[in-house]
Amino acid sequence: MQHLPNDTIDVLLDQFGQIESVIGDPNFPTAMDAWGGNDTVTATIGQPEAEVTIFGDDNTTLHGLSRGGNDTLTVNFNYGWNEALVVGDAQAMIDDARGGNDTINVEADSLYTNVHAFGDVAGDMSGNARGGSDTITGAVGWRSYDNVYAGDAGGSMSGTAQGGNDTLEIGVNTREGSANASGDAIGSIGGDAHGGNDNITITFGGDIVMTGGFAYGDSATSLTDNAQGGDDILTLKADGPDTLQLTHPTLYGDAPTMSGNAQGGNDILTGTVTSDFLYGDAKVYAPAAPGSITGGRDILDGGGGDDQLSGGGNSDTFVFNAGSGNDLITDFDQGNTAVGSTMTEHDLIDVQDYGFADWTALSSLISDNAAGDAVIHLSASDTITLDGVQAANLHATDFLI
Ligand SMILES: [Ca+2]
Ligand SMILES: [Ca+2]
Ligand SMILES: [Ca+2]
Ligand SMILES: [Ca+2]
């Protein structure tokens, strides 16, 4: 196994419109197995229209038993109107190639600046490729709407590819801008590929107006074939009290769409004071046969604001704390039915924070609305509406009191 050198590379983009490409291990040997060096690359941008591309190993496909190094890749943004593509390892990985464990810091909080950052590859992972355990720290600047982060692949995952266990921390500290963050892939996860167990946090600043934050535990596109989602932790946070957004921040425990025989992981989704949409598994289901899609056992907590919560298939837990707002559960005990499964599920509503004495006390606060849906009146300002469920069909066993 050839080991490539550990390099330290500093690049300054101090010209208007300057375009630079930095490769940690240039001429990575693709005809044989090799191990990339542990490189430290720092790019500093000081002029508008400058663009930088960084690969921790090389802009090529890692084959065989090749392995990416453990790289530290940083871009310092000091102006605006800039672009960056930062990739922990390579363009693609096949065979038994493995990505390194990389640290990527792209806090692009300057205006009109967009970053794409991927922990392992800019393109696809196929064969039996495995992603590393990467840490990506990002921030979105004013009027920056094309910020995309993935723990593993900018493209798709197929074969028996396996995503790494990654950590993504993204700040949206701007009045206008948005971020998309996936624990594994931006494209679809298909074949027999698996997502890793990732931890994604999106933090909003206190004065957001036209901002968006979208997190996907596994894929920003879909889980299809026999793909399996990982067990992910997705969290929205807000720094300030004046949050108002026109785009609902949205968390998907696995992916927007699940099809074929896809299986969701057991995910933990936590919203914030904004009006969030939380999907334990997916928003859209296209099973190969009735019941072929399996949901995960997810935990959903919308936080404050008026949230829309969908657990998806399998038995999920919905958590409500004092100040939870007026929330809607779209599929209480109905997630399996949505994919054509006859398996019963038993979702739970956790209202322990409200301190009700017993089921008698809680049940007296549940009644049907004009549409015939059960509404649980937790307090003068907090309610839970259960779409498609009547009050008469709720029991003590549906709650954690
Ligand atoms: Ca990596
Ligand atoms: Ca991952
Ligand atoms: Ca997941
Ligand atoms: Ca679920």
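Counting only helical runs of four or more DSSP H residues, what would the 222 nm mean residue ellipticity of the chain come to if each run contributes -39,500 (n - 2.57) and the total is spread over all its residues?
-500 deg cm²/dmol, from helical runs alone.
Return TRP81, TRP142 ranked ascending by Cβ neighbour count within 10 Å, so the fewest neighbours appear first.
So the residues, fewest neighbours to most, are TRP142, TRP81.
Which order do ILE293, ILE299 fall in if you start with the one that has the fewest other Cβ atoms within 10 Å?
ILE299, ILE293
Given contacts defined as C-alpha pairs under 8 Å and at least six residues apart, what's the relative contact order of the stretch 335-385, whole-number percent?
Result for the stretch 335-385 is 18 percent.
Tell me, Kirkwood radius of the chain from alpha-carbon pair distances, in Å?
So the Kirkwood estimate lands at 21.7 Å.
For the stretch 36-138, what is the largest minus smallest coordinate of the Cα atoms on each principal axis, given in angstrom and ordered from greatest to least?
Ordered largest first, the stretch 36-138 gives principal extents of 41, 21, 17 Å.
Could you tell me which of rounded, prolate or oblate describes the stretch 218-362, using a ≥ b ≥ c as the square roots of the eigenvalues of the alpha-carbon gyration tensor, with rounded for a/c under 1.5 and, failing that, prolate when a/b is larger than b/c and oblate otherwise?
Because a/c hits 1.5 or more and a/b fails to exceed b/c, the stretch 218-362 counts as oblate.
For the stretch 120-269, report the translational diffusion coefficient in µm²/s to the nearest whole number, using Stokes-Einstein at 10 °C, 1.306 mPa s, and a Kirkwood Rh over Cα pairs.
The diffusion coefficient I find is 107 µm²/s.
Give me the Å³ per residue figure for the convex hull around the C-alpha atoms of the stretch 340-401.
Per residue, the Cα convex hull of the stretch 340-401 comes to 99 Å³.
Over the Cα atoms of the stretch 283-353, each weighted equally, I'd like the Debye log10 I(q)/I(0) at q = 0.19 Å⁻¹, rounded to two decimals.
Values, matching the q order: -0.71.
No lab work stands behind these numbers, since they all come straight from the coordinates. All values reported here derive from a predicted model rather than from experimental measurement. Positions of Cβ are generated from backbone atoms using ideal geometry, with glycine treated the same way; all protein chains shown enter the neighbour counts.
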